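Worksheet: one structure, shown below.
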């Protein structure tokens, strides 16, 4: 009696998350270009000599061969090769933090339905742009968040008021607010009527950068890297928007790596405020 061979698939993939299982094995969640989201078990991958070990590092673009059995929740990783590792060369702490933040968001905030291949393309593009020495890791991360929101069909309105649709004769960002509950920018007139009261003021500089990021402007992405105040403001706006519209979202843990440690003076001031 002939033994039927097990079906095997091959696809490019981005490694999103891994966790240990058993004594030496690893479970990895990956988003692939051919088969969408796949969870695989890599037998013995925690061994230093394992050929599977390089294939299960989060944030890498890989080509993998794996069993493809629809009746299994976990597929067996059989082999493959690393196509891109953004940490090779001069990858620093900031780059590591943004790579890990992107794959965490891709794993936690995948849109429902058949959009997994779109998530793969988005993750692959981010990793490729990051490795091409394009200036502005933070700007690329914010562009990723914009595109992830677009995949959910809830991209923020930036070019005109999200409530009345007007750009006005004046600068639409003058006196504007960024309001997740309304859908993006709220003009001064609508704000004066009490619309978007839970939003935050949007500076003209942040508005211009958001417009640039939304259309993929490399110059805007670079500016974010050189202006810490703008970087912080834009990060707060996008964090609030994602938190409001995507139930599975939470601030990526990897971004904590970028927080500056508090000085003794700041800690003393915080304790004083707590006691008052």
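The numbers here are math on the coordinates, done by the rules we state, and not lab data. On a predicted model such as this, the values are computed, not experimentally measured, just so you know. Please note: Cβ atoms are built from the backbone with ideal geometry, for glycine as well, and neighbour counts cover all protein chains shown.
Hey, with R₀ at 51 Å, roughly what FRET efficiency would residue 51 and residue 211 work out to, going by the Cβ-Cβ distance, to 0.05? Result of the calculation: an efficiency of 0.65. The peptide list 34-41, 58-65, put in order of mean Cβ contacts within 10 Å with the highest first, becomes 58-65, 34-41.
Using only the alpha carbon atoms of the range 93-258, find the Kirkwood hydrodynamic radius as the inverse mean reciprocal pair distance, in angstroms to one decimal. All intermediate terms of the calculation are to be shown ahead of the outcome.
Numbers: mean 1/r = 0.0618 Å⁻¹.
Over the range 93-258, the inverse of the mean reciprocal pair distance is 16.2 Å.
Taking only DSSP H segments of four or more residues, each worth -39500 (n - 2.57), what value at 222 nm results for the chain once the sum is divided by all its residues, to the nearest 500 deg cm²/dmol? Show your work: numbers first, answer last.
On the way: 8 runs with 102 residues, N = 276.
About -11500 deg cm²/dmol.
Take the Cα of residue 167, step 7 Å toward its Cβ, do the same at residue 256, and the gap between the two points is 4.3 nm. For helix 264-275, what angle does its Cα long axis make with the longest principal axis of the chain, in degrees from 0 to 90 and rounded to 10? Taking the Cα atoms of the chain, the angle to 264-275 is about 70 degrees. The share of C-alpha pairs in the range 8-84 whose separation exceeds 22 Å stands at 11 percent.
Sorting 43, 78 from the fewest to the most surrounding beta carbons within 10 angstrom yields 43, 78.
Fewest neighbouring Cβ atoms within 10 Å first, the residues 104, 208 line up as 208, 104.
The label-point distance for residue 39 and residue 125, in a model that sets each label 7 Å from Cα toward Cβ, rounds to 2.9 nm.
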